[in-house]
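**Q** Can you keep this structure in mind? I'll have questions shortly.
The values are calculated or read from the model by the stated rules, or taken from the named source; none is laboratory data. Because the structure is predicted, anything quoted here is derived from the model rather than measured. So basically every Cβ, Gly included, is an ideal-geometry build from the backbone, and we count neighbours across all protein chains shown. Remember, those area values only see protein heavy atoms, side chains included, never the ligands or the DNA or RNA. Shrake-Rupley method; radii C 1.70, N 1.55, O 1.52, S 1.80 Å.
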Amino acid sequence: MKSFKEYIAYPYGLWMLIFIAIPLLVVICFSFLSNPDFKAGIYTFTLDNYQEFMDPVYLELLYRSFLYAVVATLICFIIAYPLGNLIVSLPGHRQNLMIVLMIIPMWVNFLLRTYAWMVLLSGSGLISQFLGLLGFRDVSLLYTQSAVILGMVYNFFPYMLLPIYTALKKIDPDLLRAATDLGANHFQMFVKIKVPLSLPGIVSGCMMVFMPAVSTFVISNLLGGGKYMLIGNLIEQQFLTLNNWNFGSAISMVLMTIIFLVLGIARLITGKELDTGGQLL
């Protein structure tokens, strides 16, 4: 006899089938088709869509997308790890306050947050005015590579901080006290205790930043002014502008395959399921 938990899982399974499995199957099928006419029953399976993606122009977009995503992920990590250590060292009620303050910006619409940075980075924005006071005239950071990376860091930073904070929070303070009693200094404790024990959170945070960053198109459109096209922009263009669903599906499948490979490598590094920090929410 099936348990109650198995019965209540059926709606979730149906949801995944309708909104994940079936759409994914459609994308896979479209990626192997060439100009299908389903009404007339005409469709041809081909690998031309994947071969077209091997063009150096498209490979350069893929390289740029990965480069920007890696840089944004590294910046998020460099900021998040010391901040996570600082938050963990605070009393309990202050930890909760800091986490809430980090999450609050996520309650604001993604587009509104990005538009706000457009105002700040424009030639007449606060940042440019401040730089002007320092002697830098006519400085506009908008529509630059730095603006695109900054937008990625700002929007995806909480996804790095939460898993790292959760992993650091789980470290038993007695381990650190025991290491101190045995003569370990702060650097040794950091290298031999904190980093190994927080590695699942680090890898999880890196993946949670890298995946949306490598596939984003809104940030590069708004903060890059369309001058720095990424792989996400190419996919959007194929589906919404050129109406070439076949090539767009092939690009999506290539990107998805690469992301799954990166996730597999991350799984090997941690040796267990990635900790997404979901228990904080």
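**Q** Given the options LEU97, LEU83, name the one that is open to solvent by 60 Å² or more (accessible area, probe 1.4 Å) and part of a helix (DSSP H, G or I). Quick ask: steps written out before the conclusion?
**A** Details: LEU83 fails: open to solvent by 60 Å² or more (accessible area, probe 1.4 Å).
After applying the criteria, what remains is LEU97.
**Q** Which ones in the stretch 108-143 are in contact with a helix residue (DSSP H, G or I) (Cβ under 8 Å, 6 or more places away or on another chain) and hydroxyl-bearing (Ser, Thr, Tyr)?
**A** Listed by number, the residues that qualify are THR114, TYR115, SER122, SER128, SER140, TYR143.
**Q** Here's something else I'd like to know. Is one or more of the residues making up the stretch 135-143 open to solvent by 70 Å² or more (accessible area, probe 1.4 Å) and in a helix (DSSP H, G or I)?
**A** To start, the set of residues in the stretch 135-143 that are open to solvent by 70 Å² or more (accessible area, probe 1.4 Å) comprises 136-138, 143.
Pick out the ones that are also in a helix (DSSP H, G or I) and you get none.
No, that holds for no residue.
**Q** State all residues of the stretch 111-122 that are touching a residue at least 40 places away in the same chain (Cβ under 8 Å), within 15 Å of PHE156 (Cα to Cα) and loosely packed, with under 14 Cβ neighbours inside 10 Å; if no residue qualifies, say none.
**A** Kept after step one, since they are touching a residue at least 40 places away in the same chain (Cβ under 8 Å), are these residues of the stretch 111-122: 111, 113-115, 117-118, 121.
Now restrict to residues that are within 15 Å of PHE156 (Cα to Cα): 111, 113-114, 117.
Answer for the stretch 111-122, where residues must be touching a residue at least 40 places away in the same chain (Cβ under 8 Å), within 15 Å of PHE156 (Cα to Cα) and loosely packed, with under 14 Cβ neighbours inside 10 Å: just LEU111.
**Q** On to the next question. Residue check: is GLY226 buried (at least 16 other Cβ atoms within 10 Å of the Cβ) and either at pLDDT below 95 or of a type in the set (S, T, N, Q) (or both)? If you could, list the steps in order and put the result at the bottom.
**A** Details: buried (at least 16 other Cβ atoms within 10 Å of the Cβ): no; either at pLDDT below 95 or of a type in the set (S, T, N, Q) (or both): yes.
Spelling it out, it is not the case that GLY226 is buried (at least 16 other Cβ atoms within 10 Å of the Cβ) and either at pLDDT below 95 or of a type in the set (S, T, N, Q) (or both).
**Q** When both residues are 6+ apart or on different chains and their Cβ atoms are under 6 Å apart, which pairs have a first residue that lies in the stretch 170-189 and is of a type outside the set (Ser, Thr, Tyr), and a second that is open to solvent by 80 Å² or more (accessible area, probe 1.4 Å)?
**A** Cβ pairs passing all conditions: ILE171/LEU197.
**Q** Suppose we filter PHE77, PHE45 for residues that are among the aromatic types (Phe, Trp, Tyr) and surrounded by 14 or more Cβ atoms within 10 Å (Cβ to Cβ); which single one remains? It would help to see each step written out before you state the result.
**A** Numbers: PHE45 fails: surrounded by 14 or more Cβ atoms within 10 Å (Cβ to Cβ).
PHE77 is the lone residue from the list that is among the aromatic types (Phe, Trp, Tyr) and surrounded by 14 or more Cβ atoms within 10 Å (Cβ to Cβ).
**Q** Taking the stretch 239-261, which residues are open to solvent by less than 30 Å² (accessible area, probe 1.4 Å) and either touching a strand residue (DSSP E or B) at 6+ places or on another chain (Cβ under 9 Å) or not in a helix (DSSP H, G or I) (or both)?
**A** Those that are open to solvent by less than 30 Å² (accessible area, probe 1.4 Å) and either touching a strand residue (DSSP E or B) at 6+ places or on another chain (Cβ under 9 Å) or not in a helix (DSSP H, G or I) (or both): ASN246, SER249.
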